[in-house]
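This report concerns only the one structure given below.
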Amino acid sequence: MPRTLFGPLDERNQDYANAGNANIGRFQLGRYLVLPDNRVYQFTLNDGTAEVAGSLYQSVAPLTGHTNASADVARAIDATVISATLATTAAAVDIYAEGMAHINATPGEGYAYRIKRAFTAGAAHAAAVATGVLTVNLEPGEQVQVALTTASNVTFTRNRFHQPTIHLSPPTAQLAGVSPGVAALDRFYWSQVEGFAAVLAAGTLLAGLPVQADITTNGAVENVKRRVRTGGTVTVSISTVGVGQLTDQDGAIVAGAVSNVSTSVATTLDISAGIAFNSPQVGMCIKANSDAELALIDLKLR
């Protein structure tokens, strides 16, 4: 079955029903659709909110309680099921369908496994209560490669095209494309990831320059920038300054002036949290419009 589909222009405007969040849509999540003009889309399941056309979406943010979860039982090599005890937060049925379970503490560390597609509700996994055991079924062809024990840690990650939301500012998870605005709640649709798209703009964009997900307006893009956070005070002490020194072959000073300085300089150089104020690039601005309007962006999210 081909991974990439080539379809007519109007295919991007289609949406499809699901059954209890089971993926009985035509394609697996993330399947590529390429239009004749080379715009690219990926197959996506909407959440319980109607899409907003022209908004930039992100995948569901990882849940802390579903990260570093301790395996509840041992799993032998070739097992097709993985389970772990959640620390907090319940897991609804099939929220990890077509997602990943990776092992991040030995034994079994370094292996990642795709979770089964849910053709019927509950096929990927049943619901799990907070602090309960989540048991996921692996995609056919996936088997445990290194036996797991109760010392193994498992992290569950959703498919980025499973119920994405308008991106937070700054985003808290991987970007999932721009909505064409065709899907009501709980529908499968095509999310645009490459090519020309109308996207909500924050601030005055500049045609011909790259844009990134905005850090103050949800679902919007802004000019690419790198921010440095200021606020803390760093004190720098300086002592013993040599001016025009000459040394002999043993390193002893033979000429020049030496000045002893004792001073401090207060400045705001705290950049310890700067990364939280940056954002991933989205593409290139083709046509800039006014702030809070939609600009034409050449997306590069594939």
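Values in this text are rule-based calculations from the coordinates and carry no lab data. What you see is a predicted model, and the numbers here were worked out from it, not measured in a lab. All Cβ positions, even for glycine, are placed from backbone atoms using ideal geometry, and neighbour counts span all protein chains on display.
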Please give the peptides 91-97, 158-164 ranked by average Cβ packing (other Cβ atoms within 10 Å per residue), highest first, as a rough proxy for protection. 158-164, 91-97
Can you give the FRET efficiency for ALA74 and ARG3, using 1/(1 + (r/R0)^6), R0 = 30 Å, r = Cβ-Cβ distance, to the nearest 0.05? 0.30
Testing the spin-label approximation: label points 7 Å from Cα along Cα→Cβ at ALA147 and LYS225. State their distance in nm. 5.7
Under the Karplus relation 6.51 cos²θ - 1.76 cosθ + 1.60, θ = phi - 60°, what is the ordered set of whole-Hz ³J(HN,Hα) values for segment 151-159, x standing for Gly and Pro? 8, 6, 10, 10, 10, 9, 10, 6, 4
Give the shape of segment 63-157 as rounded, prolate or oblate, defined through the alpha-carbon gyration tensor: a ≥ b ≥ c are the square roots of its eigenvalues, a/c under 1.5 means rounded, and otherwise the shape is prolate if a/b is larger than b/c and oblate if not. oblate
In straight Cα distance, which aspartates and glutamates are under 12 Å from LYS116, not counting same-chain residues fewer than 8 positions off? ASP94, GLU98, GLU139, GLU142
Give the lysines reachable from LYS287 as a straight Cα distance under 26 Å; neighbours fewer than 8 places away on the same chain don't count. LYS225, LYS300
Where Lys and Arg each count +1 and Asp and Glu each count -1, what net charge lies around VAL40 among other residues with Cβ under 14 Å from its Cβ? +2
Full-extension gain in nm, MET100 to THR131, via 0.36 nm per residue minus C-alpha separation: 9.2 nm
Segment 38-61 residues near the modelled ALA184 label - backbone nitrogen below 13 Å, point 7 Å along Cα→Cβ: 49-51
Would you mind calculating the relative contact order of segment 63-157 from Cα pairs under 8 angstrom and at least 6 residues apart, reporting the percent as a whole number? 42
